[in-house]
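What follows is a short report on a single structure.
The values are calculated or read from the model by the stated rules, or taken from the named source; none is laboratory data. Bear in mind the structure is a predicted one, so any value in this text is a computation, not a measurement. All Cβ positions, even for glycine, are placed from backbone atoms using ideal geometry, and neighbour counts span all protein chains on display. Only protein heavy atoms, including side chains, enter the accessible area calculation; ligands, DNA and RNA are left aside. Shrake-Rupley method; radii C 1.70, N 1.55, O 1.52, S 1.80 Å.
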Amino acid sequence: MIPKDFDAKEYYRNFIGIITGDGSKPETIQLKVSKIRSPYIENLPLHHSQKMVEKCTDGSCIFEHYLCPTNDFVQQILFHGSEIEILEPQSLRERMKQRLETMLESYKLG
């Protein structure tokens, strides 16, 4: 039963999506977004905490977020393909690398 004083907006404040049970804690995440995708991400933020911290000379941008890096967040980054690169934290970068290596294995001809 949901308590009468339950505040869904506050409860989901640090998440993308509705999955909260994977034990993720909020952390600062930096993403490098390509020149082509930057306007899209700037106008349709991935999360309310998003802020642009740098506009690079090649036209790409670095965005910072403070959120829980749940599977829903990882899926959102995968949606944008090579247009977004996780810069920080290193642990999330490694997690994405492992996911991509696993995906690549699925497509190897045997």
With a 1.4 angstrom probe the carbon and sulfur portion of accessible area for the chain, in percent, totals 54 percent
Averaged per residue, the 1.4 Å probe accessible area of the chain, protein heavy atoms only, in Å², is roughly 70 Å²
Among S106, I19, M1, the residue whose Cα sits farthest towards the positive end of the charge dipole of the chain (+1 at Cβ of Lys and Arg, -1 at Cβ of Asp and Glu, taken about the Cα centre) is S106
Burial-style ranking of 95-101, 80-86, average other-beta-carbon count within 10 Å with highest first, yields 80-86, 95-101
If R0 = 30 Å, then Q76 and F6, at their Cβ-Cβ distance, give a FRET efficiency to the nearest 0.05 of 0.75
For Y11, the accessible surface traced by a 1.4 Å probe with all protein chains present amounts, in square angstrom to the nearest 10, to 110 Å²
Per principal axis, largest first, the Cα atoms of the chain extend in Å by 51, 41, 22
Residues of segment 54-75 with backbone N under 19 Å of the label point set 7 Å from the Cα of R95 along Cα→Cβ are 63-75
Put T20, T57 in order of accessible area, largest first, probe 1.4 Å, and you get T57, T20
Computed about the Cα centre, the charge dipole of the chain from +1 Lys/Arg and -1 Asp/Glu charges at the Cβ has a magnitude in debye, to the nearest 20, of 120 debye
Residue span S106 to R37: 0.36 nm per residue of separation minus Cα-Cα distance leaves a gain in nm of 22.1 nm
